[in-house]
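Shown next, in structure tokens, is the structure this report addresses.
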Amino acid sequence: MKYRLDPAAEAEAARGNLLGGLYTGGIASLVFAYMNGWVPELTGGVQIPRDVELFPWLAGGTGLASLLFTVALVVRVVRWQIALSQRRRARDPVKALLLPPSAEHGAALRMSRPGRTTLGNVLTLALIWVAFPLVIVALGTLLTPGRMGSRTEEATLVAAVAGGVGLVVLLVVAVDVTRRRLLARQVRKLSQDPAFAELMPPATAALSRYRAPVIPELKITYYAPPAAIVFGLTKVSAARNVFGHPPLSIAYFRLFENELRVRDFVKGAFRRCGYVHLLRSAASVRLSELMRVRRDGTIGELFIASDRRMQRELDARPREPLPRGFRIIRGTGGRGVRVWDFKGGYPMSTYLCHGAYWKRAVDTLLDLADLVVIDLSGFQKENIGTGYELQRVIDRYPIHRVVVLADTGSDTRYLATHIRRAWSRMAPDSPNAGDGTRSLLVGQIAVGGQLATYPLLAHAHKRLR
């Protein structure tokens, strides 16, 4: 089962199916009994004969509905029992690792799937665009044939043209989505090709096989800031960010496929707080970019595959603050993100790494970061790459300088279980090892609630002191 069931929701659904089954079954039984003379005939103010032709259809239809409600009731009862079993297993830290998250946990991730939302919206509009004129023509022909007269053919032609336009729009969108998917798949395949990777020692990118002798207690603090801008923000400069502090170097890690959350991150306060560094996904590579390196015969230069190349990219990254204004931020996903920097901002640096090198790149970003942000919205145990980044952050970076992001639909119990598992596997040389208690900040930001990142970062600044 991909998602964990909610006992309360399953019980409520079972109760609704039970009531529906009893209601429709009662109607079917009453009609059937009346047809067969098992109850007295109604002969009062309203006389209803027993041989009404509608009765067999009514009894059969309501009986079928009752049967369907009964089947649904059985299914819901079984799901309710599974939900209760999952809730009991969730109390055990070991068994909880095997449980899936709640259904709401992956909502943002499902909406971020390339083209699914776009295709769904366009398909809905296309169906409405095609169906509406056809329904108007059909109703006009049936209800007012005299008025339609010779206009029937004209109305049918208009409906056909409208339907053709809708289908063309749908086809164009489908072709664009398919093109982007194929491009991302092609780049992803190249990023795993060993021919484009230089030989390098992977020792610093390997997780430790040993555990810290003393692992402190981890306290997870959840913070749900209001979606409001903090007043008194200053203009971005080389010396001060919008909060009046020196600009930070921010390492940002996330699920590549969760583009909806990446857009919120780009539109939020992080780019106004400091210089953001992140790894690029295959979906962020544009067709013109791939065609250019192929034309020039430098396709190997598309990926960062060595320390020397990584250092060259770091040295060449932009350092001048961006002025106030409108701009498009590229390199974060399949499409550019349009933003309005009302107080200016800092440039984002993105790094497209080969599959054999990206783990070393994670270490490099951690070495230069003043603040680490890792978005676990939609995270599941199958997300091995993000799981590695989480473990690496715990092993190499002070946890009080880390902010974990989650959306308001995230299964916080599920996330806490996997965070604590990674915490229990802490490396011996981790800066978080030792006695006492450590605190981790988890900011719960709603999808589309990028304004809430301002109070979140204002709160995080206090932890950095």
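Over all Cα atoms in the stretch 336-465, the spread is summed up by Rg and Dmax: 15.5, 46 Å. When a/c is below 1.5 the answer is rounded, else prolate if a/b is larger than b/c, else oblate, so apply that to the stretch 344-383 with a ≥ b ≥ c taken from the square roots of the Cα gyration tensor eigenvalues. Verdict is oblate for the stretch 344-383.
Across the stretch 72-83, coupling constants 3J(HN,Hα) worked out from phi with the 6.51/-1.76/1.60 Karplus curve, θ = phi - 60°, read 5, 4, 4, 4, 5, 5, 4, 5, 5, 5, 5, 4 Hz, and Gly and Pro carry x.
Of all DSSP-defined beta bridges confined to the stretch 286-372, some 75% are antiparallel rather than parallel.
For the set Trp57, Trp358, Trp38, the ranking by accessible area, highest first and with no ligand, DNA or RNA atoms included, is Trp57, Trp38, Trp358 under a 1.4 Å probe.
Pairs with C-alpha atoms separated by more than 29 Å, drawn from the list Lys2/Lys267; Lys267/Lys359; Lys343/Lys381; Lys235/Lys359; Lys381/Lys462, are Lys2/Lys267; Lys343/Lys381; Lys235/Lys359; Lys381/Lys462.
The values are calculated or read from the model by the stated rules, or taken from the named source; none is laboratory data. Please read these numbers as outputs of a predicted model, since none were measured by experiment. All accessible areas refer to the heavy atoms of the entire protein, side chains included, with ligands and DNA or RNA removed. Shrake-Rupley method; radii C 1.70, N 1.55, O 1.52, S 1.80 Å.
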